[in-house]
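Structure record follows, encoded as structure tokens.
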Amino acid sequence: MSTTQTIGPAAVHRLLHRDAVCSVFSGTVETGPTDLLCVTVAHERVDGSRREVFLEWAAKLTGLPAHPHLSPCTAVGLTENGRPYLAVGTARRSLADLLADQGPMPPGQVRALGVALSDAVAVYHRAGLIHGAIQPSHILVGTGHHLQLTAYDVTAPVLAAPLPPTPYTAPEHLDAAVAGEVAASPSGDVYALATALYAALGGRLPWVRHAREEAADPLLRAAPVPHIPGVDAELTDLIGAALSPDPRRRPTADAFREQLTRLSLTGPRAHGARPDTVANGLLPRRGLRPVTVAVSTELTPYRPGRERVGLRPRLRSIATATAGVALTGALLGGAALATYAATNPESTESVCSDPNVLDGRIDEQLEDGRIVDSWCAEEGGYVAATVDYPGGSGGDGDGPTERKVWRIEGENLVAVTDCADAALPAAIADFLECA
């Protein structure tokens, strides 16, 4: 029988997904024990400028006005040991499930869906936020088929993780997606929303292929968006304009909502019978992180392990995943550019972003001695090294070999000389042989 673990105000029950950056759980809060939550918590602790960046983003998210088509943010903040987390309302089904089970939606219903979601996206953008992952699997289906956009963590500072290129990736972000970086923009959100509406009509976009490499081919995105048989041509023309390969030619979310609102759906329809299925390539059932709660998932909550094998590749992955968030800074303007850039470990030459940088920073702390091995704690915030002093060779010669630990404070390393720090990660405590 697994024990219940608490993250912020949320009690987490089942592990849904774990990647190099975060773990995702199902959960509940005491004030609403029947409401399902999706709880995302970062593996690493943050401090300094990165903490400020995350809290600034969190303040924007919690400051959003309530919207019927935005999944409610129940809690966002830092755990007791400084790990960012986000708890958002969720459901067991998504628009992808609905379209796969019931087929395309009627044009009038798709127009209404477009008005609702574009209004939700406009609210999100006005708050200075970018979604970055609008697709049917990230649109939840609640009671009475009430649809809500979710998956806010995809471009969140510290929580950000790259998504592979899909038909929903805007052309200008394809290179970043292929490189495994996070990239997003308001116009990219409009592009993704338009793709979701086209999918809901039963369309088959010309660039949808089985191979991911073909889906990411920017030349295919220049192809005109075809009309859908049996669907009002004016509706697909409007959606096609939002799918322009040139982001400057796409409407804003506000303008897209107004265009859909004014659409009468009384014009001529494209010749042929309406499709009764949606192309599989347009219905990703799960993104990189699932946002619907799987009833059969019975995994225990994640607890950081003590092993440090393979940490360096994971840290490089974290650096890559977070690096692309800085690309969105220019779209937010002013202070936000510096704020989002601060989430990129490589831009500030973080000690954990590269093994050579790590060894170089540790070497600065040593008067003599040779670094035998160095690593960063999986929980974040500490670096460790085994140092071989003159006369010895890895502990096999006459000279001593010592274990040394430093705490990361911004761009500085502060030596840890004993086990008195109660916040020491388990791997560091083991390394120092703390009782």
Mind checking Rg over Rh on the stretch 63-214, alpha carbons, Kirkwood formula for Rh? 0.96
Out of residues 5 or more away from VAL231 or on other chains, whose amide H comes under 5 Å of its own, with H placed 1.01 Å from N in the peptide plane? ALA270
Quick calc: nm separation of the 7 Å Cα→Cβ label points for CYS419 and THR34 -> 5.0 nm
Give, as ranges by residue number, the residues of the stretch 131-160 whose backbone N falls under 14 Å from the point 7 Å along Cα→Cβ of VAL357. none
Could you tell me the calculated FRET efficiency between GLN109 and GLU409, based on Cβ-Cβ distance and R0 = 41 angstrom, to the nearest 0.05? 0.15
Of 275-284, 128-137, 225-234, 197-206, ordering from highest average Cβ density within 10 Å down gives 128-137, 197-206, 225-234, 275-284
Quick check: pseudo-label points 7 Å beyond the Cα along Cα→Cβ at LEU265 and ASP217, how many nm apart are they? 3.5 nm
Quick query: amide H of LEU16 versus all other amide H atoms, modeled in the peptide plane; which residues come in under 5 Å with a sequence gap of 5 or more or a different chain? VAL24, PHE25, SER26
So for the pair ALA273, THR6, with labels modelled 7 Å out along Cα→Cβ, what separation do we get in nm? 6.0 nm
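Computed from the coordinates by the stated procedures, all read-outs in this text should not be read as laboratory data. Being a predicted model, the structure only gives us computed values, none of them experimental. For neighbour counting, all protein chains shown are included, and Cβ atoms are generated from backbone atoms with ideal geometry for every residue, glycine included.
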